Amino acid sequence: MTRERPLIVGPEQVAAPYPMTVESKVVAGYGRGSAELNCPTANIEQAAFDQLQLETTGVYYGWASVHVNRNVSDRKEAVSTKADEDQEQDQVKVRRHTQQNFGDELGSDEGVVFPMVMSVGYNPFYGNKKKTGEIHIIHKYSSPFYGAHIKFTILGYIRPEYDYVSKEALMEDIQMDIRVALQSLERQDYQKFKKLAQ
Ligand code: RBF
Ligand code: MG
């Protein structure tokens, strides 16, 4: 979509309802993020997402960090739910089954806070039925981290979600969102909230 976009959004000082901080397990999405858009996203559990009560769909920004999930029962459960997920494969557009590594390969990236952009809504370009939240962390991780723990703090809103004429147009807008988030987070007051996401 060709239109003018500001590089910095929101007030100089973080203002209500922000900051909003939530923790979630990283769950599998539709598998399009890295495969099609060159923009991997960590999908948020429904319960964690609902906690945020984000009425307004669109793109938000803030800080996020990923931690190894050391919860033993989560790891045991993963084995027993695999069968259920396999059965769901018959339906259309179900969430893919993905191998969870629980963040075991994070190495020195564990617990490091990076800037993030978060997409909230129905992804009109793909026409999802369910309102979801997914986070793209602006950092190149060496491995996926399904089943890991993500902690994130939302500090502001960038734009509504749009439909696009092409995948390339969507990708271009996401690249712009990333630039906007990075610039907007440079402000002193926004830096102060980095520690909330750790
Ligand atoms: N999908 C849309 O259909 N419209 C959007 O405006 C849109 N904006 C996004 C912005 C960001 C920063 C991110 C990470 C994703 C966005 N998406 C959008 C979602 C995208 O379609 C989704 O990540 C992939 O389909 C994987 O589920
Ligand atoms: Mg995803």
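How about segment 1-31: which of its residues are buried (at least 16 other Cβ atoms within 10 Å of the Cβ) and among the basic types (Lys, Arg)?
Listed by number, the list holds a single entry, 25.
So for segment 134-155 (the condition being within 13 Å of ligand 2 (Cβ to nearest atom), closer than 15 Å to residue 24 by Cβ, part of a loop (DSSP other than H, G, I, E, B) and of a type in the set (Phe, Trp, Tyr)), does at least one residue qualify?
yes
Report yes if residue 41 is at negative phi, within 14 Å of ligand 2 (Cβ to nearest atom), at pLDDT 70 or above and of a type in the set (S, T, N, Q), otherwise no.
In short, yes.
Would you pick out the residues in segment 110-123 that are in contact (Cβ under 8 Å) with a residue 40 or more places away in the chain and either touching a His at 6+ places or on another chain (Cβ under 7 Å) or within 8 Å of ligand 1 (Cβ to nearest atom) (or both)?
Residues satisfying the conditions are 110, 111, 114, 116, 117, 118, 119, 121, 122.
What is the residue count in segment 11-47 for residues that are within 15 Å of residue 130 (Cα to Cα), outside any strand (DSSP E or B), more than 9 Å from ligand 1 (Cβ to nearest atom) and out of contact with any Phe, Trp or Tyr (no Cβ under 8 Å at 6 or more places or on another chain)?
Of the residues in that region, 3 qualify.
The values are calculated or read from the model by the stated rules, or taken from the named source; none is laboratory data. Please read all numbers here as calculations on a predicted model, not as lab measurements. A quick note on method: Cβ atoms are made from the backbone with ideal geometry, for glycine too, and the neighbour counts reach across all protein chains shown.
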